[in-house]
Every structure is written in C-alpha cells, then in structure tokens.
Amino acid sequence: MLLMAWLSLLAFVWLGEGNPLVGLFDPACFVMRGECPNKNVTFWLYSKSTRDNPILLDPLDLNPWDFQPPRPLKILIHGYTGYRDFAPNSFIRPVLLDHEDVYVISIDYGPLVRYPCYVQAVQNVPLVSKCLAQLINNLVDRGIVRNEMIHLIGFSLGGQVAGQATNHLKRKLKRITGLDPAKPLFILGSDTRRLDAGDAEFVDVIHTDVLGRGMLRSMGHVDFYPNFGPQQPGCMEENPTDPGSCNHERAPRFYAESINSTVGFWGRQCSSWLVHLIGLCSTRAPQALMGYHVAEDVKGSFFLKTGSNTPYALGKMEDVDNSRHLAKFRLSPEHNEVDHDFEPQLLEAFLELEDPENHLKTDVDDLEKQLIWTDQAEDEPLS
Ligand SMILES: *[C@@H]1O[C@H](CO)[C@@H](O)[C@H](O)[C@H]1NC(C)=O
Ligand SMILES: *[C@@H]1O[C@H](CO)[C@@H](O)[C@H](O)[C@H]1NC(C)=O
C-alpha cells in the first residue's frame, strides 16, 4: 500500500507540473466530509432550449417537468482543476446538444478540486460520488428518469468519480464512459475506488496519456488506445512545456468528435498494450468503432491512429496480412493482466532513476494514513 502511494506520486513528480505534493500542506487545500446535498457539489441541467440558461437542480426537490419529454440523460463529470464548463463539458456538451436529442447534466465540484490540491481532490472524490449517487437514486426512485436512460461520462478524476458513485447506487447503471481515468493515487487499492468493468453493464474507456495522468491498464469491457497512449500527435507542438496535459485532454476531444464524425475512429483489437508494444498484434484482427457510438457488445483492447489536429478521426484501417511473422510466436489472445502488473513496475523504474530525498517519504507516510482512512468510508446505497 505504501509502495503504491509512493509510486503513483512519483509518476506525478516525474511530470513536474502536476506534482500533488505541492499542495500537501497548503492551507487553501481542504478535505470535505459531510452530507449530501453539498454546496460544493452542484448539478446543472442542459437541454436544447436551456443550453445558455441551465437549471440548477436540487437533488431533494426535483421537478419532473424539467425532464419532459423523456430523453436519454448524459451526465458529464469533470476532473482535477475542473468546473462545469471545463473538459469534458466544454468539448462534449455543445456537440451533444447540437446533434443528439438528450438531456445533459454537468456536475460542478470545482471548489473541491482546485489547483494545487491534488491529494485533497482525491480525498474529496468519495463525497462527490455520494452526492452524484444521491441525485441519480432520487431521479430514478421518483420515476423522473428511467435507469436505463442514464449514461455517465467522466474525464480524468471524473472517471474515478463515476466508478465510486456506483458504490452508492441502488441499481446497476447501463453505461459508463471513462475518458483517460486518473492514475495518480489510483494504481493499486481495491476496485471500489477505481472505475472498472463491474461498475456498469457496459464500461468503455479511452486512454490517451498512459505514462502520465491516465491509467495504462485496461479498465472496462472495452478499452481504446489512440496512438498507443503515451504521446498524442500534435501535443509536442501544441503544448511544448506540458505535452502531458494535451495528451490527457485528447480523450474528451476525440469523444466529442466521435459523436458526429463522418468517418469514425476505428481501432483494431490486440490482446494487450504490452503485446502491442513488442509488435505482436495481428493486422487482420477485428476492428471496432471508438467513442460515443461504440457497439455495446465489443470487448477487449483496441488500438488506432489519429490525426494531429481536427478532424482527428481517420476511419477504418486496411487489413494487412502479418500472420506469417506472428506465427513465429505463440501467444494467447487473452492475458491483458500483464499490463496490470506492468503499470506499477514502470513507475518503479522511475523510482530508481529519480532516487528522491527522504523528507518526501514522511509526507507520503502521512498521505498513506489518510488514504487508508478514505478507503474505509462506508459504501452504501444512499438516498
Ligand atoms: C465549499 O466548502 C468550503 C469549506 O467548507 C466553504 O468555505 C465554501 O464556502 C464552499 N463553497 C461553496 C461554493 O459553497
Ligand atoms: C460536428 O458538430 C460540430 C458542432 O456541433 C461541428 O463544428 C463539426 O463541424 C461537425 N462535424 C461534422 C463532421 O459534421
């Protein structure tokens, strides 16, 4: 457990900019305990007619007429340093309202995830998740929205909020989309803290910054790795000082484009990221469409290339026969667990390279205690 916290922190230290220790003792950073509804967690309802004047929802006093006529409900969840008009909202909400007949709820928990308070932001996720679950339980209990109409779309820390919200839901959700779910402080620990395939009937995940802010391991029923995940084309040019944040943000950008793309983002199946790394993927394996219109029966990991600016989607890939090359190797098509073991090991390599100083270690011990405490928070349905 200690090693895990330590290693995930290092991933961030390595990235410089996003170092969570910056805010560890900042008096402006706070951890909220408490009840839902909470003033720091608000819900804003958008439809075509209210796109510029969203309705602030009261989870304890919901108005059924706000959700008439019945339409699918998309709930967008921002991440660290976000708010209701920040990614993924800024990219996805306008395209949804332009092209789909849906309601959109943008959650805003910005006060709980301000820069530089990453560690506290992670510790605030349980409260945010509880408040989100309360809203969903009340919407469904009161017959205002049907459970199977609800789809959560979470970016970064918001992906983990979606995963933790399910700990408090009375019914299993139909679909959750994780857009580059946050990695630091989520690598190990139990699945109740992290988005996983058990959290909804269908969980689709897009990974765009696998060596930095986002998870490398497969987490859903289907996982897509645009450009293999470590570096997105165009990001070095767009943001030379912090290409990682550009990589990370590509996930909601790709997702927004996938809603009305004419060619689509098509990925090709391969058993795992590591197998892809060593070049042993079949170039005739099945292809699947990534993003908003993904088929809900596809399973596995898929890899694709994109352009370096919009439109990013490149359409379907040509099938090339590389089976003679692959025949030299005997590989099982399953076994993507190797990626799960590989992710912490990768950070261990950073540890050796970096050899950090001892005083940091005390901070991490402290942090560890707090996180264990967070882990023990009750996970019960909430209304
Ligand atoms: C968020 O919580 C903090 C700490 O309790 C409080 O001071 C602040 O006013 C809250 N923010 C909002 C927008 O309610
Ligand atoms: C998709 O919709 C957005 C606005 O909602 C628009 O800017 C873009 O051009 C559209 N793309 C295509 C391929 O129609």
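Hey, which of these cross-link pairs are over 20 Å Cα-Cα: 130/174; 48/74; 39/170; 74/170; 39/172? Violating the 20 Å limit, Cα to Cα: 39/170; 39/172. An oblate overall shape is assigned to region 75-202, the ratio a/c of its alpha-carbon gyration tensor axes (a ≥ b ≥ c) being 1.5 or greater and a/b not exceeding b/c.
Order these peptides, 307-316, 196-205, by their mean beta-carbon neighbour count within 10 angstrom, highest first.
With the highest mean Cβ count within 10 Å placed first, the list reads 196-205, 307-316.
Annotation: amide H-H contacts under 5 Å for residue 202 (H modelled 1.01 Å from N, sequence separation of 5 or more, or interchain): 175, 176. Computed from phi, the 3J(HN,Hα) profile of region 188-201 under the Karplus parametrisation 6.51, -1.76, 1.60 (θ = phi - 60°) reads 9, x, 7, 5, 5, 8, 10, 4, 8, 5, x, 7, 7, 4 Hz, with x in place of Gly and Pro. When 108, 223 are sorted by how many other C-beta atoms sit within 10 angstrom of their C-beta, beginning with the fewest, the order is 108, 223.
FYI, it's all coordinate maths here, none of it is from the lab. Note that this is a predicted model, so its numbers are computed, not measured. Positions of Cβ are backbone-derived with ideal geometry, glycine not excepted, and every protein chain shown enters the neighbour counts.
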